[in-house]
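Enquirer: Take a look at the following structure, please.
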Amino acid sequence: MAKSISIDTEKIEKLTKELKGFEKEVGVATYHALNRVLNQTRTQVGRIVPKVYAIKAREVKASFDGGMKKPSYNKLEASLTSKGKLLSLAHFPHSPTQPRKTKYKVKATVKRAEGRKQIRTNPKPFVASTGAKSDDKTKYNIFKREGSKRTPITVLRTLSIPQMISNETVENEIQEFAISKLNERLQHEIERSMTSIGGRIR
């Protein structure tokens, strides 16, 4: 699964028309502005998504690894692409966190506003070891049996990070941030370029 975030270039086109004769300076300013905004947006997405979903910021930012399309002087386009599969419930706050011998209900928080909800499947879900030994691996996860027998079992999964970014509220906040920062950065870079060529502006 993948979700792309494009940086709106409407402001750039407007500036190019307003500053006719200084296309080169606008291009250089745009190049620097886009590079800065790409990194700022990636960081901000890592803050926005965890406000809605109970996911770690580092996991959100890691979903952009290899998915950053940087601009060039000849092609002033930039985008961020988040990639990732459906996440298992072990990525979210859940209880119990380890297997229990007594009866229990499996609960997890995916969307923060909904709080911890009971996971209902048939057959019932349960927590079991994944067999991982290393501390940086998922040692326990939430499973369910595929039938009445003990095996086979499957890991329960929910949303992917690209799907979280596609949430209307989340996506709108990201786009508003990216547009605002691009406008702000473009203004700064244009002013700097214009100052450097001083006498050419009347």
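The values are calculated or read from the model by the stated rules, or taken from the named source; none is laboratory data. This structure is a prediction, so every number in the text was calculated from the model and none was measured. Here the Cβ is made from the backbone with ideal geometry for all residues, glycine too, and neighbour counts use every protein chain on show. The accessibility values were calculated without ligands, DNA or RNA, using every heavy atom of the protein model including side chains. Shrake-Rupley method; radii C 1.70, N 1.55, O 1.52, S 1.80 Å.
Enquirer: Residue under question is residue 73, and the condition is that it be out of contact with any strand residue (DSSP E or B) (no Cβ under 7 Å at 6 or more places or on another chain), free of Cβ contacts under 8 Å to residues at least 60 places away in the same chain and under 20 Å from residue 139 (Cβ atoms); does it hold? Please lay out each step first, then the result.
Expert: On the way: out of contact with any strand residue (DSSP E or B) (no Cβ under 7 Å at 6 or more places or on another chain): yes; free of Cβ contacts under 8 Å to residues at least 60 places away in the same chain: yes; under 20 Å from residue 139 (Cβ atoms): no.
For residue 73, the condition - out of contact with any strand residue (DSSP E or B) (no Cβ under 7 Å at 6 or more places or on another chain), free of Cβ contacts under 8 Å to residues at least 60 places away in the same chain and under 20 Å from residue 139 (Cβ atoms) - is not met.
Per-residue answers, yes or no, for (1) under 30 Å from residue 6 (Cβ atoms); (2) of a type in the set (Ser, Thr, Tyr):
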site	(1), (2)
133	no, no
138	no, yes
141	no, no
159	yes, no
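Enquirer: Still on this structure: Only one of 193, 160 is in contact with an Asp or Glu (Cβ under 6 Å, 6 or more places away or on another chain), in contact (Cβ under 8 Å) with a residue 40 or more places away in the chain and not β-branched (Val, Ile, Thr); which? Write out each step before concluding.
Expert: Values: 160 fails: in contact with an Asp or Glu (Cβ under 6 Å, 6 or more places away or on another chain).
None of the other options fit; the residue is 193.
Enquirer: Report yes if residue 121 is among the hydroxyl-bearing types (Ser, Thr, Tyr), surrounded by 13 or more Cβ atoms within 10 Å (Cβ to Cβ) and part of a loop (DSSP other than H, G, I, E, B), otherwise no.
Expert: Working: among the hydroxyl-bearing types (Ser, Thr, Tyr): yes; surrounded by 13 or more Cβ atoms within 10 Å (Cβ to Cβ): yes; part of a loop (DSSP other than H, G, I, E, B): yes.
Spelling it out, residue 121 is indeed among the hydroxyl-bearing types (Ser, Thr, Tyr), surrounded by 13 or more Cβ atoms within 10 Å (Cβ to Cβ) and part of a loop (DSSP other than H, G, I, E, B).
Enquirer: Looking at (1) open to solvent by less than 30 Å² (accessible area, probe 1.4 Å); (2) under 24 Å from residue 163 (Cβ atoms), which one does residue 128 not meet, given that it meets all the others?
Expert: Exception for residue 128: condition (2).
Enquirer: While we're looking at this one, here's another question. Quick check: anything in region 52-60 outside any helix (DSSP H, G or I), open to solvent by 50 Å² or more (accessible area, probe 1.4 Å), out of contact with any Asp or Glu (no Cβ under 7 Å at 6 or more places or on another chain) and modelled with pLDDT of 95 or more?
Expert: Step one: of region 52-60, the residues outside any helix (DSSP H, G or I) are 53-56.
Applying the additional criterion that residues be open to solvent by 50 Å² or more (accessible area, probe 1.4 Å) yields 56.
Still in the running and out of contact with any Asp or Glu (no Cβ under 7 Å at 6 or more places or on another chain): 56.
Add one more test, that the residue is modelled with pLDDT of 95 or more, and what stays is 56.
Yes, that holds for at least one residue.
Enquirer: For residues that are open to solvent by 40 Å² or more (accessible area, probe 1.4 Å), more than 13 Å from residue 189 (Cα to Cα) and modelled with pLDDT of 80 or more, scanning just region 4-43, find the one that is nearest to the chain's Cα centre (by Cα).
Expert: The qualifying residue nearest to the chain's Cα centre (by Cα) is 42.
Enquirer: Give me the pairs, please: first residue somewhere in region 21-46 and in contact (Cβ under 8 Å) with a residue 24 or more places away in the chain and on the phi < 0 side of the Ramachandran plot, second residue anywhere and assigned to a helix (DSSP H, G or I) and of a type in the set (Asp, Glu), beta-carbon distance under 7 Å, and either six or more positions apart or on two chains.
Expert: Going by the 7 Å Cβ cut-off, the qualifying pairs are 29/189; 32/189; 33/189.
Enquirer: Among what's in region 67-89 and is at pLDDT 95 or above and open to solvent by 30 Å² or more (accessible area, probe 1.4 Å), pick the residue that is nearest to residue 7 (Cα to Cα).
Expert: 83
Enquirer: When you go through 145, 185 one by one, which is the residue that is surrounded by 14 or more Cβ atoms within 10 Å (Cβ to Cβ), touching a residue at least 12 places away in the same chain (Cβ under 8 Å) and over 23 Å from the mean Cα position of the chain (by Cα)?
Expert: Details: 185 fails: over 23 Å from the mean Cα position of the chain (by Cα).
Among 145, 185, only 145 is surrounded by 14 or more Cβ atoms within 10 Å (Cβ to Cβ), touching a residue at least 12 places away in the same chain (Cβ under 8 Å) and over 23 Å from the mean Cα position of the chain (by Cα).
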